[in-house]
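The block underneath contains the structure these notes are about, expressed in structure tokens.
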Amino acid sequence: MAGIYVYSDKKDLAAELVGFAKGCGKRAIVLTFDERAAKDLSNSGADKVCLLKGDSELVENYGKSIAHLLAEQGAELFVVGATVSGRDIAARVAGYLDCAMVSEASSITYTDGKLVTERMMYGGSVQQSEVLEGLCVVTVRAGKFEAISGAAEVTTLEISADTRTTLVERKDIVKEGADLSVAERIVCVGMALDKREDLQIAHDLAAVLGAEVGCTRGVAEEKHWLPVEQYIGMSGAVVKPKLYLSMGVSGQIQHVFGIRDSQIIVAVNTDPKAPIFKAADYGIVGDMYQVIPLLTKTLKGA
Amino acid sequence: MSKVIACYKWVADETDIKVNADSTLDISKAKGKISDYDRNAIEAAVQAAGALGGTAVALTFGTPKAKQSLKDALSRGPAEACYINAEEAARADGAVTAKALAAAVKKIENVSLVVCGEGASDTYARQTAPRIGAVLDWPVITSVSSVRFDGNALIAVRRLEDCMQTVKSELPAVIAVLPEMNSAPIPGLKAVLSAGKKPVTEFKAGDLGVDFAPKTTVSALKAYAMNRKSVIFSEGEIADKVKELTAALRKEGVL
Ligand SMILES: Cc1cc2nc3c(=O)[nH]c(=O)nc-3n(C[C@H](O)[C@H](O)[C@H](O)COP(=O)(O)OP(=O)(O)OC[C@H]3O[C@@H](n4cnc5c(N)ncnc54)[C@H](O)[C@@H]3O)c2cc1C
Ligand SMILES: Nc1ncnc2c1ncn2[C@@H]1O[C@H](COP(=O)(O)O)[C@@H](O)[C@H]1O
């Protein structure tokens with residue numbers, strides 16, 4: 001069946017992508033490996049839900065078969081949820097089809113029958129528009145499109161897996177911190193923090209603000225002072241709080257990419273030329289070790 | 001001896017990109033650098049070559065400008081480098097890049113492992129490794145946080161959003177590594193000096209038998225406009241600045 005093929009290992013994201021496909025006035029065919037998801041997606045407004053069944057527990061192993069399926073069915077577009085495993089499958093499919101692929105598109109539209117996409121380059125400082133022709137692959141993050149509803153037929157399809165890679169073990173990541181993507185207020189700590197114990201000044205401020213504590217990449221990945229889930233940016237969490245307040249964060253573009261949808265951005269930094277001030281609504285040029293405790297005290301007193 | 005390939009990209013440093021008044025861009029004056037995460041990929045390849053008893057080879061596909069990257073790459077530990085020198089690299093998309101790199105891997109021969117960075121700092125497309133795997137029809141493992149080897153098997157730990165997966169694959173394979181993989185040391189003086197003496201193989205576009213026509217057409221490139229108030233309290237006593245800030249935040253209704 002021709003149309004837009006949709007895949008995501010997150011079923012809510014798959015539903016959003018069906019919303020996109022139907023919004024383009026095209027047929028939407030959802031691929032899933034999960035029986036429960038197939039059931040839930042049967043009310044996603046898709047034209048068809050294909051429950052794929054094969055011999056591997058690693059969805060990535062079906063890349064080649066999905067490529068064959070898309071070519072055989074005359075698919076127009078394969079739109080995939082941008083998760084770790086979604087991105088992987090998408091790129092394998094594009095590789096086997098030797099076709100165009102746009103990763104993490106911020107917008108996708110059909111203009112004169114051609115697909116036009118936009119995405120960020122250079123850490124988020126540059127927006128690139130591309131025109132794609134023929135069958136192509138695009139990945140999209142959650143939250144870009146609205147899900148719709150409507151009954152869809154569910155069919156089961158046997159599909160062959162590449163079994164050269166096998167799953168040995170799977171360990172859930174125990175999330176130590178809060179989910180920053182839904183936090184209303186965030187206090188963000190940067191590499192200016194001298195030592196782990198000094199995180200206390202951030203926690204104290206967060207307590208009076210009712211905020212969660214996040215950080216930049218180095219604080220999590222180099223210092224290991226906060227869990228990796230707590231770092232914000234292009235390769236970390238993308239956040240959209242009412243208030244984001246950073247201390248000792250320089251504001252390199254890859255970090256700023258993750259905070260741009262915040263309502264109000266506040267920065268405290270000793271360097272008046274720090275790029276974070278260009279990305280901020282309000283800022284204080286000063287030492288966070290003086291400013292932050294005083295701010296906490298002032299807010300407490302109010 | 002088997003070879004372990006480290007794919008690295010010579011990219012424009014994003015901090016040097018100038019934005020013109022009409023929000024068009026000037027990338028031409030930006031200095032080049034080895035894509036940040038590719039420094040971890042090179043280190044991972046050097047370590048893997050050690051573990052497998054093979055040699056690490058740095059591989060890049062770039063315009064003639066990328067020539068200057070070779071010494072830097074070699075100073076990070078690989079025994080040799082391979083450079084696909086082609087003007088076409090300037091317009092290459094994921095499809096072309098993967099085909100060019102895969103063709104070079106075939107030419108190099110006896111390759112047991114190809115290591116890519118998780119994402120290049122210009123594109124951050126995170127598609128090249130799986131695409132190389134598809135072109136070669138080799139197993140691929142992305143989002144790799146650590147690896148070990150057991151004979152001809154590769155055992156990798158992958159980081160997904162909600163779990164860590166341990167997967168096993170047979171060599172040859174392609175992996176994309178996260179920067180948490182290692183800490184990519186800054187090369188010492190001795191390493192820098194010896195880098196100039198290491199062998200470099202150069203391929204021209206025509207040597208590879210690859211179709212260099214990109215599948216995507218870039219239609220526009222513009223600066224992302226940052227529209228923020230940028231009210232910065234920089235003068236006077238800290239206490240006053242804090243007062244001004246709290247007043248402003250109260251007015252915004254975000255406290
Ligand atoms: C491909 C790629 C992806 C990346 N993804 C991410 C990402 O997702 N998230 C992320 O955060 N980074 C990411 N980075 C890294 C990013 O480029 C920056 O290196 C990082 O964000 C810098 O962190 P920082 O601001 O904490 O540290 P620094 O850049 O070291 O800044 C510290 C700041 O603190 C200020 N300062 C020093 N002392 C004080 C004091 N006493 N009081 C107040 N201010 C003080 C300094 O003036 C300086 O501006 C990525 C990089 C690449 C190449
Ligand atoms: N032109 C290139 N030359 C060599 N390696 C590359 C090139 N482009 C991409 N890569 C590799 O592929 C990885 C992912 O790139 P990308 O898919 O563009 O995000 C990079 O980190 C490099 O390891």
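The values are calculated or read from the model by the stated rules, or taken from the named source; none is laboratory data. Predicted, not measured: the structure shown is a model, and the values here were computed from it. All Cβ positions, even for glycine, are placed from backbone atoms using ideal geometry, and neighbour counts span all protein chains on display.
Among the conditions (1) part of a helix (DSSP H, G or I); (2) closer than 24 Å to B:C163 by Cα; (3) touching a strand residue (DSSP E or B) at 6+ places or on another chain (Cβ under 7 Å), the only one that A:D12 does not satisfy is (3). Counting only residues that are at pLDDT below 95 and either within 12 Å of ligand 1 (Cβ to nearest atom) or outside the structural domain of B:D122 (by TED's automatic domain parsing) (or both), the range B:3-39 holds 2 of them. Beta carbons closer than 7 Å, at least 6 apart along the sequence or on distinct chains, pair a first residue in the range B:1-28 that is part of a strand (DSSP E or B) with a second that is acidic (D, E) for B:V11/B:D122; B:A12/B:D122; B:K18/B:D26. Of all residues in the range B:92-103, those satisfying the criterion of being out of contact with any Ser or Thr (no Cβ under 9 Å at 6 or more places or on another chain) and assigned to a helix (DSSP H, G or I) are B:V96, B:K99, B:A100, B:A102, B:A103.
Screening B:A89, B:A58, B:A48 for residues that are buried (at least 21 other Cβ atoms within 10 Å of the Cβ) and over 16 Å from the mean Cα position of the chain (by Cα) leaves exactly one candidate, B:A48. Among the residues of the range A:249-291, those that are of a type in the set (S, T, N, Q) and either farther than 21 Å from B:E235 by Cβ or facing another protein chain (nearest Cβ under 7 Å) (or both) comprise A:S250, A:Q252, A:Q254, A:S262, A:Q263, A:Q290. Does at least one position in the range B:193-202 carry a residue that is closer than 30 Å to A:T117 by Cα, surrounded by 15 or more Cβ atoms within 10 Å (Cβ to Cβ) and touching a helix residue (DSSP H, G or I) at 6+ places or on another chain (Cβ under 7 Å)? Looking through the range B:193-202, none of the residues is closer than 30 Å to A:T117 by Cα, surrounded by 15 or more Cβ atoms within 10 Å (Cβ to Cβ) and touching a helix residue (DSSP H, G or I) at 6+ places or on another chain (Cβ under 7 Å).
Residue-wise test of (1) more than 13 Å from ligand 2 (Cβ to nearest atom); (2) of a type in the set (K, R); (3) within 14 Å of chain A (Cβ to nearest Cβ).
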{"position": "B:A120", "(1), (2), (3)": "no, no, yes"}
{"position": "B:N152", "(1), (2), (3)": "yes, no, yes"}
{"position": "B:T166", "(1), (2), (3)": "yes, no, yes"}
{"position": "B:A191", "(1), (2), (3)": "yes, no, no"}
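Residues that are among the basic types (K, R) and either in contact with a Lys or Arg (Cβ under 7 Å, 6 or more places away or on another chain) or surrounded by 24 or more Cβ atoms within 10 Å (Cβ to Cβ) (or both) within the range B:92-114 are absent altogether. Among the residues of the range B:58-85, those that are within 12 Å of ligand 2 (Cβ to nearest atom), within 19 Å of B:V4 (Cβ to Cβ) and not in a helix (DSSP H, G or I) comprise B:A58, B:L59, B:T60, B:F61, B:A81, B:C82, B:Y83, B:I84. Do we find a residue being part of a loop (DSSP other than H, G, I, E, B), away from ligand 1 (no atom under 16 Å from the Cβ) and of a type in the set (D, E) anywhere in the range B:124-145? Yes: one or more hits.
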